[in-house]
Amino acid sequence: MAGKIVTEITGPGIPLRGNDIDTDRIVPARFLKCVTFDGIGKHAFADDIKGLAVKGETHPFADARFANAAVLVANQNFGCGSSREHAPQSLQRWGIRAIIAESYSEIFYGNCVSLAIPCFTADHETCAKLQDAIESNSEGDLTLNIAAATATGPCGTIALQIQPGAQSQFLDGSWNARTGLLENLDAAKAVAEKLAYVSNYA
Amino acid sequence: MGQSLYHKVFDRHCVTQLASGQFQLFIGLHLIHEVTSPQAFAMVREQNLSVPFPDRTFATVDHIIPTTGAGRQRPLQDPLAEEMLQHIEQNTADFGISFFSPDKNDQGIVHVIGPERGLTQPGMTIACGDSHTSTHGAFGTLAFGIGTSQVADVLATQTLAMAKLKVRRINFSGALQPGVYAKDVALAYINRLGVNGGVGFAYEFGGEVIDRMTMEERMTVCNMSIEGGARCGYVNPDQTTFDYLKGRDYCPEGEAWERAVADWQNLASDADADYDDVIEIKGEDIEPFVTWGITPAQSVGVGQNLPAVDSFAEADQIVVREAYEYMSFEEGQPIVGTPVDVVFIGSCTNGRMSDLREAAKFVKGKKVAEGVRALVVPGSQEVARQAIAEGLNKVFDEAGFQWREAGCSMCLAMNPDQLQGNEISASTSNRNFKGRQGSPTGRTLLMSPAMAAVAAVEGKVTDVRKHLEN
């Protein structure tokens with residue numbers, strides 16, 4: 001059972017500036033008390049939104065201009081911290097369908113692939129240019145092409161990077177690893193038989 | 001050219017290379033808790049899958065469990081917490097998975113009970129829906145945090161799709177000064193390499209400092225790997241490892257034990273192993289560290305002043321400014337003397353016996369400073385039993401600490417233990433992220449258990465080395 005094929009994502013952007021934005025900021029821990037991911041989208045950046053509101057400022061995720069955004073543009077080490085899938089689940093349920101950033105935490109990146117959220121990388125200047133362009137034209141759509149690894153929008157067509165493995169998984173619909181893993185279950189059992197600890201070194 | 005432990009263990013567990021270029025790895029030990037597993041079981045049910053290796057998964061409840069006796073009465077007061085507890089009870093029962101539970105008095109933080117029960121053994125691959133799974137690397141395992149979809153992958157196949165990491169050897173030479181602990185070693189390498197310096201790497205910790213460490217100290221060092229961006233960190237197994245494991249519940253016995261040790265000895269990285277990167281840190285150069293900001297790399301030696309914003313690379317200045325604003329600290333101010341409202345001793349980083357013993361040394365016969373709320377939370381019910389047998393609970397109690405029951409407690413505050421308002425806590429946990437300890441404006445200073453203990457007594461950040469005569 002292959003998943004849907006992801007070739008292109010189109011939608012308005014949302015800029016989120018700053019390095020090291022962690023999973024506790026994406027969705028604060030108190031909203032993790034749940035046994036499903038339903039409804040977790042509305043808690044995205046809940047505390048950052050409140051913290052800025054107190055100062056009379058508006059967080060991008062509370063800014064009406066970006067309410068329909070689908071493409072998040074962030075900076076370095078995005079999604080660091082916890083392994084909780086609640087973070088990308090929250091972003092996805094809020095409306096994010098793809099991310100461009102300078103770099104990602106590995107666990108967060110892997111979680112995004114499992115949810116069919118393509119994560120592109122670009123250098124600091126490119127991310128900043130995209131963030132500025134989105135700020136000045138929040139209505140404009142960005143089109144992300146998975147095969148070409150490009151973003152096309154208000155500032156023309158920009159080259160991005162995408163990990164080749166993840167790229168092929170989006171293009172052939174195999175981003176949900178489970179299907180492929182299940183096919184090799186017998187081989188996995190054979191590996192287990194050769195591991196002495198599995199039989200407690202008997 | 002020799003091999004590192006990382007590659008030896010990886011190769012043993014490799015099932016096949018997948019079309020994506022990743023490798024399918026058999027997972028020897030799967031640990032689950034109540035926060036990241038319910039949705040995974042739902043995925044397994046939804047796809048009508050079975051769990052082929054139920055005896056290789058072990059469960060506990062740690063994040064949401066209250067740490068007071070009254071708070072643990074069922075049903076739990078918080079209906080959402082009760083629901084999560086019921087789910088893990090039901091899911092483990094339905095799929096035949098062992099559950100370390102408060103009912104059986106064997107519950108604890110997932111990364112405390114794995115080693116404590118002898119489930120964590122050298123040469124294993126270990127996964128858990130929790131980023132601090134890196135802790136188990138202390139035993140010479142490849143142990144990493146995974147997301148919920150991957151928890152479902154492991155439940156359904158006992159395997160994961162993983163990319164091969166690069167290996168960075170971090171050598172700690174020489175010796176630590178008195179008053180400097182494993183926690184300081186962890187904060188030191190994160191300070192040096194940054195919170196994303198380890199992305200794409202497994203960290204191999206070695207050198208005289210690590211060789212001399214106890215298993216509990218090595219766990220503290222490996223626990224924080226993920227805070228430096230490294231998904232896993234490990235120490236090569238040695239006699240210290242084997243001595244720790246011998247006789248534990250899930251370890252082999254008799255001749256099987258001998259066979260296991262012989263196997264484990266071969267796993268350590270070869271002397272001529274090829275590393276992608278090597279870093280040297282002198283043990284003598286490490287001071288007691290304290291974090292001052294909102295990432296675990298934003299730290300200073302306790303004797304230092306807070307750094308100037310313009311001493312950071314331009315790209316990092318946004319988060320540095322954000323940290324100063326959030327913490328209400330000023331550039332150039334000393335960290336020592338910073339008043340604290342709360343002291344938290346516990347967590348998967350520092351909630352084990354040696355942590356409690358060390359903290360107790362600095363607390364014995366003293367009183368918690370006026371106005372400071374101080375908590376000691378053992379990492380497991382077994383740690384609590386041992387601590388009580390040694391009378392540590394009394395030492396803390398007499399000093400005015402609250403002695404609690406086992407759980408994650410205030411490390412991430414998904415339970416009633418939370419900071420209020422913009423309180424500052426001296427915390428032995430692993431993350432000083434904004435809002436991490438339960439209040440959206442709460443502030444966290446990470447430090448060692450000994451430093452936290454003296455902060456409790458003095459009511460402010462204090463150099464533990466001034467208290468060493470005690």
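The values are calculated or read from the model by the stated rules, or taken from the named source; none is laboratory data. Nothing here was measured: the structure is a model prediction, and the numbers come from that model. For neighbour counting, all protein chains shown are included, and Cβ atoms are generated from backbone atoms with ideal geometry for every residue, glycine included.
Residues are listed down the side, and each one gets a yes or a no for (1) of a type in the set (S, T, Y); (2) touching a residue at least 40 places away in the same chain (Cβ under 8 Å); (3) not assigned by TED's automatic domain parsing to the domain that holds B:T141; (4) not in a helix (DSSP H, G or I):
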residue: B:F242; (1), (2), (3), (4): no, no, yes, no
residue: B:R248; (1), (2), (3), (4): no, yes, yes, yes
residue: B:R259; (1), (2), (3), (4): no, no, yes, no
residue: B:W264; (1), (2), (3), (4): no, yes, yes, no
residue: B:I294; (1), (2), (3), (4): no, yes, yes, yes
residue: B:A297; (1), (2), (3), (4): no, yes, yes, yes
residue: B:G303; (1), (2), (3), (4): no, yes, yes, yes
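Among the residues of region B:305-315, those that are over 22 Å from A:G51 (Cα atoms) and either part of a strand (DSSP E or B) or not small (G, A, S) (or both) comprise B:N305, B:L306, B:P307, B:D310, B:F312, B:E314.
If you filter region B:414-452 down to residues that are charged (D, E, K, R) and more than 11 Å from every other protein chain (Cβ to nearest Cβ), you find that the one that is surrounded by the fewest Cβ atoms within 10 Å (Cβ to Cβ) is B:E423. Mind checking whether some residue in region B:383-406 is touching a Leu at 6+ places or on another chain (Cβ under 9 Å), more than 17 Å from B:T67 (Cα to Cα), within 14 Å of chain A (Cβ to nearest Cβ) and surrounded by fewer than 22 Cβ atoms within 10 Å (Cβ to Cβ)? So far as region B:383-406 goes, no, none of its residues is touching a Leu at 6+ places or on another chain (Cβ under 9 Å), more than 17 Å from B:T67 (Cα to Cα), within 14 Å of chain A (Cβ to nearest Cβ) and surrounded by fewer than 22 Cβ atoms within 10 Å (Cβ to Cβ). The set of residues in region B:58-93 that are in a helix (DSSP H, G or I), charged (D, E, K, R) and either touching a helix residue (DSSP H, G or I) at 6+ places or on another chain (Cβ under 6 Å) or more than 14 Å from every other protein chain (Cβ to nearest Cβ) (or both) contains only B:R72. Annotation note: of B:V336, B:V343, the sole residue that is within 23 Å of B:L419 (Cβ to Cβ), modelled with pLDDT of 95 or more, out of contact with any Phe, Trp or Tyr (no Cβ under 6 Å at 6 or more places or on another chain) and not in a loop (DSSP other than H, G, I, E, B) is B:V343. Taking first residues from region B:142-161 that are under 10 Å from A:L181 (Cβ atoms) and touching a residue at least 24 places away in the same chain (Cβ under 8 Å) and partners that are among the acidic types (D, E) and outside any loop (DSSP other than H, G, I, E, B), the Cβ contacts under 9 Å between residues at least 6 apart in sequence or on separate chains come to B:T159/B:D153; B:L160/B:D153; B:A161/B:D153. Name the single residue that is farthest from the chain's Cα centre (by Cα) among those in region B:422-441 being of a type outside the set (S, T, Y), assigned to a loop (DSSP other than H, G, I, E, B) and within 16 Å of B:V461 (Cβ to Cβ). Residue satisfying both the conditions and the ranking: B:E423. With the requirement that a residue be modelled with pLDDT of 95 or more and assigned to a loop (DSSP other than H, G, I, E, B), what does region B:391-413 give you? Hits for region B:391-413 are B:G391, B:G400, B:F401, B:R404, B:E405, B:A406, B:G407, B:C408. Restrict the check to region B:45-54 and report whether at least one residue is within 20 Å of the chain's Cα centre (by Cα) and buried (at least 20 other Cβ atoms within 10 Å of the Cβ). For region B:45-54, residues within 20 Å of the chain's Cα centre (by Cα) and buried (at least 20 other Cβ atoms within 10 Å of the Cβ): absent.
Looking only at region B:318-348, residues that are within 15 Å of B:V377 (Cβ to Cβ) and within 14 Å of chain A (Cβ to nearest Cβ) come to 2 in all. Taken over region B:316-333, the criterion of being in a loop (DSSP other than H, G, I, E, B) and more than 17 Å from B:N432 (Cα to Cα) is satisfied by B:E330, B:E331, B:G332, B:Q333. Can you tell me which residue within region B:135-192, out of those that are of a type outside the set (S, T, Y), within 13 Å of another protein chain (Cβ to nearest Cβ) and part of a loop (DSSP other than H, G, I, E, B), is farthest from B:V278 (Cα to Cα)? Per the stated criteria, the residue is B:Q158. The requirement of being more than 14 Å from the chain's Cα centre (by Cα), among the basic types (K, R) and assigned to a loop (DSSP other than H, G, I, E, B) is not satisfied by A:R84. The condition of being in contact with a Cys (Cβ under 7 Å, 6 or more places away or on another chain) and assigned by TED's automatic domain parsing to the domain that holds B:A19 holds for only one of B:A138, B:A156, B:A152, that being B:A138. The set of residues in region A:82-127 that are surrounded by fewer than 24 Cβ atoms within 10 Å (Cβ to Cβ) and without any contact (Cβ under 8 Å) to a residue 24 or more places away in the chain comprises A:D123, A:E125.
Considering region A:157-201, the residues that are over 18 Å from A:I107 (Cα atoms) and of a type in the set (D, E, K, R) include one that is modelled with the lowest pLDDT, namely A:D172.
Number of residues in region B:338-379 that are closer than 19 Å to B:N415 by Cβ, of a type in the set (A, V, I, L, M) and surrounded by fewer than 24 Cβ atoms within 10 Å (Cβ to Cβ) equals 1. Kindly indicate whether any position in region A:178-188 is part of a strand (DSSP E or B) and in contact with a Ser or Thr (Cβ under 9 Å, 6 or more places away or on another chain). Scanning region A:178-188 turns up no residue that is part of a strand (DSSP E or B) and in contact with a Ser or Thr (Cβ under 9 Å, 6 or more places away or on another chain).
Here the condition is being under 26 Å from B:I97 (Cα atoms) and modelled with pLDDT of 95 or more; of B:T141, B:T240, it holds for B:T141 alone. All of (1) without any contact (Cβ under 8 Å) to a residue 24 or more places away in the chain; (2) basic (K, R); (3) in contact with a Lys or Arg (Cβ under 8 Å, 6 or more places away or on another chain) hold for B:K104 with one exception: (3).
Screening B:S409 on (1) away from chain A (no Cβ under 14 Å); (2) at positive phi; (3) polar (S, T, N, Q) shows it passes everything except condition (1). Number of residues in region A:23-44 that are buried (at least 23 other Cβ atoms within 10 Å of the Cβ) and facing chain B (nearest Cβ under 10 Å) equals 6.
Of the residues that make up region B:9-21, is at least one more than 11 Å from chain A (Cβ to nearest Cβ) and not in a strand (DSSP E or B)? The answer is yes; a qualifying residue exists. Annotation note: Cβ proximity below 7 Å between a residue of region A:165-181 that is more than 7 Å from chain B (Cβ to nearest Cβ) and among the polar types (S, T, N, Q) and a residue that is loosely packed, with under 15 Cβ neighbours inside 10 Å and not in a helix (DSSP H, G or I) (sequence gap 6+ or interchain) occurs for A:T179/A:M1; A:T179/A:A2. Among the residues examined, A:G18 does not qualify as surrounded by fewer than 22 Cβ atoms within 10 Å (Cβ to Cβ), under 17 Å from A:N111 (Cβ atoms) and not charged (D, E, K, R).
Of the residues making up region A:76-87, those that are more than 7 Å from chain B (Cβ to nearest Cβ) and touching a strand residue (DSSP E or B) at 6+ places or on another chain (Cβ under 6 Å) are A:F78, A:G79. Against the numbered list (1) touching a residue at least 60 places away in the same chain (Cβ under 8 Å); (2) within 14 Å of chain B (Cβ to nearest Cβ); (3) under 20 Å from A:S105 (Cβ atoms), A:G3 comes up short only at (3).
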